[in-house]
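Notes follow the structure.
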Amino acid sequence: MKPPESRKPGTTIAGFTIMSEVGTGAASRIYLVQDPKTKQVWALKHVVREGPKDVRFLEQTEREYQVGSKLEHDSFRHFEKIIKNRKLMTVNEMYLLMEYVDGISVEERPPTNLIDSVDIFRQVASGLAYMHTRGFIHADMKPNNVIITAGNKARIIDLGQSCPDGTVKPRIQGTPDYIAPEQVHRRPITPKTDIYNLGATMYWVLTGTHIPTALPKGDSLVKSLDDDFIQKATPVGEVNTSVPTRLNDLVMKCIEVKEDSRPPDMQTVADKLDLIYAKIKTSADSSSGDVAVSDGEDA
């Protein structure tokens, strides 16, 4: 598998003029393009089927469109349309036209202070809570899938692994450092899965380290750990003493191995993050410098 051949700026693809290439995937390229008639600028994802194993990338692209087109929330990009090219009745090429999100991922540029971190967390949690009300799970929440635009606005991207609530996937899907135990062991994917993935994301942002998951580094999927053998993560507050107790407790609750031990739903997570943010912001506004939270103190 490989991405399609790169196209040069100024050339035409699917009726749009290429301005620049902005990303690549295992079997795709993403371009910044312009509609020559309306002058509207878009992001265009180009996916090509080179062989039988590439069918899953076409399926992921179609899934991304089917889910994304049903989400009307500021945390998600707008999906305009999907274009399919067929050869001998078989789809061998797709173009996904979507809003261009101008920003940089949390993985590439993590927030540098507690206020901005919690602000991002609460925006993402709110977006995921909305997604869950629509019956869908993101299933791959991680720092690389959160884009920060002007004004610290968080946008959730990459819906290729999204699925309806309760889906049991035919194979393991997820990112090892953020993957939930139920994803590894192919149990139903539910809102609790996104809670775990978001918890693992928050842990990394706040500590710079990853939590232990059911996929130990260097091990194959065959050697994945059963729930009872997954090592418990060191509390956030012990790694980063500026993290207030309430935030530490919420993150650690989100990454509980047992689904029933996690918060009941994503809206609960969002509400708690809103409260934590308000308290940290109030503390910052009343001080003369940057946010300072004493070791282990509840903000």
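The values are calculated or read from the model by the stated rules, or taken from the named source; none is laboratory data. Only a predicted model underlies this, so the values are computations on that prediction, with no experimental measurement involved. Note: ideal-geometry Cβ built from the backbone for every residue, glycine included; neighbour counts use all protein chains shown.
Of these, GLY160, GLY127, GLY151, GLY174, which one is under 19 Å from GLU259 (Cβ atoms) and small (Gly, Ala, Ser)?
One residue alone meets the criteria, GLY174.
Assess whether VAL251 counts as being buried (at least 20 other Cβ atoms within 10 Å of the Cβ), within 23 Å of THR209 (Cα to Cα), under 25 Å from the mean Cα position of the chain (by Cα) and modelled with pLDDT of 95 or more.
It is true that VAL251 is buried (at least 20 other Cβ atoms within 10 Å of the Cβ), within 23 Å of THR209 (Cα to Cα), under 25 Å from the mean Cα position of the chain (by Cα) and modelled with pLDDT of 95 or more.
Scan the range 35-81 for residues that are over 22 Å from SER20 (Cα atoms), β-branched (Val, Ile, Thr) and surrounded by fewer than 19 Cβ atoms within 10 Å (Cβ to Cβ) and jot them down.
VAL55
So GLN231 fits all but one of (1) touching a Gly at 6+ places or on another chain (Cβ under 9 Å); (2) over 23 Å from GLU107 (Cα atoms); what number is the exception?
The number of the failed condition is (1).
So, in the range 101-145, of the ones that are buried (at least 20 other Cβ atoms within 10 Å of the Cβ) and among the basic types (Lys, Arg), which residue ends up nearest to PHE79 (Cα to Cα)?
Among those that are buried (at least 20 other Cβ atoms within 10 Å of the Cβ) and among the basic types (Lys, Arg), it is LYS142.
Mind checking which residues of the range 146-174 are basic (Lys, Arg), at pLDDT 95 or above and surrounded by fewer than 16 Cβ atoms within 10 Å (Cβ to Cβ)?
LYS153 - this is the single residue of the range 146-174 that is basic (Lys, Arg), at pLDDT 95 or above and surrounded by fewer than 16 Cβ atoms within 10 Å (Cβ to Cβ).
Residues in the range 75-90 that are touching a Gly at 6+ places or on another chain (Cβ under 9 Å) and part of a loop (DSSP other than H, G, I, E, B): how many?
3
Can you name the residue in the range 218-241 that is modelled with pLDDT under 95 and in contact with a helix residue (DSSP H, G or I) (Cβ under 6 Å, 6 or more places away or on another chain) and is also surrounded by the most Cβ atoms within 10 Å (Cβ to Cβ) among such residues?
Here the residue is SER224.
Going by the structure shown, is LEU32 buried (at least 20 other Cβ atoms within 10 Å of the Cβ) and either at pLDDT below 95 or more than 30 Å from ALA270 (Cβ to Cβ) (or both)?
no
Report yes if VAL48 is out of contact with any Cys (no Cβ under 6 Å at 6 or more places or on another chain) and at pLDDT 95 or above, otherwise no.
no
How many residues does the range 13-48 contain that are free of Cβ contacts under 8 Å to residues at least 12 places away in the same chain and in a strand (DSSP E or B)?
1
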